[in-house]
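Everything on this sheet refers to the single structure shown next.
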Amino acid sequence: ARDIFDAFCRDLGGHDQLSEAQTQLVRRASMISIKCEEMESHGANGEQIDLDVFGKLTDRLGRTLQRLGIKRVLKNITPSVADYVEHVNRT
């Protein structure tokens, strides 16, 4: 829980930069994340999980992170022309 909490705080500029309200939301997001990870672990082990609950938790986590201002940053994965030509020549 502490690792997830600290990671969220770092994403927001550090714990000392957060208001109490933000800190409370980070705590909630951390706990939701832990529950999601627990369910994912059970599912990966072949156990049945309640996908409705998992979906609701995932949605709530997303909304909490949006409220905190943590945004999804797109990563450019478009290959360069040289990389594309090299790939085409290999196949």
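Counting helices only, and only those DSSP H runs with n ≥ 4, report the 222 nm mean residue ellipticity of the chain as the sum of -39,500 (n - 2.57) divided by its residues, in deg cm²/dmol to the nearest 500.
It lands at -23000 deg cm²/dmol.
Using a Förster distance of 25 angstrom, determine the FRET efficiency expected from the C-beta separation of E38 and D6, and round it to 0.05.
0.85
Reported to two decimal places, what Rg/Rh ratio describes segment 43-91 when computed on Cα atoms with Rh from the Kirkwood expression?
With Rh from the inverse mean 1/r over Cα pairs, Rg/Rh is 1.31.
Go through (1) 9.4; (2) 5.3; (3) 5.7 and flag the label whose value is the computed mean projected area of the Cα convex hull in nm² for this structure.
Entry (1).
Calculate, for the chain, the solvent-accessible area per residue in square angstrom, rolling a 1.4 angstrom probe over the heavy atoms of the protein chains. Intermediate results must be reported in sequence, preceding the final value.
Working: 7120 Å² over 91 residues.
It amounts to 78 Å² per residue over the chain.
Dipole of the chain, Cα-centred, from +1 at each Lys and Arg C-beta and -1 at each Asp and Glu C-beta, to the nearest 20 debye?
Computed about the Cα centre, the dipole is about 380 debye.
Mind checking which of A44, T23, H87 is farthest towards the positive end of the chain's charge dipole, using Cβ charges of +1 (Lys, Arg) and -1 (Asp, Glu) about the Cα centre?
Value: T23.
For segment 42-48, what does the Karplus curve 6.51 cos²θ - 1.76 cosθ + 1.60, with θ = phi - 60°, yield as ³J(HN,Hα) per residue in whole Hz, taken in order and with x for Gly and Pro?
So the Karplus estimates, Gly and Pro as x, are 4, x, 5, 8, x, 7, 6 Hz.
Roll a 1.4 angstrom probe over the protein heavy atoms and tell me the percent of accessible area of segment 11-91 that is carbon or sulfur.
Working: 3390 of 6440 Å².
Ligands and nucleic acids excluded, carbon and sulfur reach 53 percent.
So how much accessible area does R60 have, in Å² to the nearest 10, using a 1.4 Å probe?
Its accessible surface works out to 120 Å², give or take rounding.
The values are calculated or read from the model by the stated rules, or taken from the named source; none is laboratory data. What you see is a predicted model; the values in this text were computed from it and never measured. Every residue, glycine as well, gets a Cβ built from its backbone with ideal geometry; the counts of neighbours run over all protein chains shown. Note: accessible area is taken over every heavy atom of the protein model, side chains too, but ligands, DNA and RNA are not part of it. Shrake-Rupley method; radii C 1.70, N 1.55, O 1.52, S 1.80 Å.
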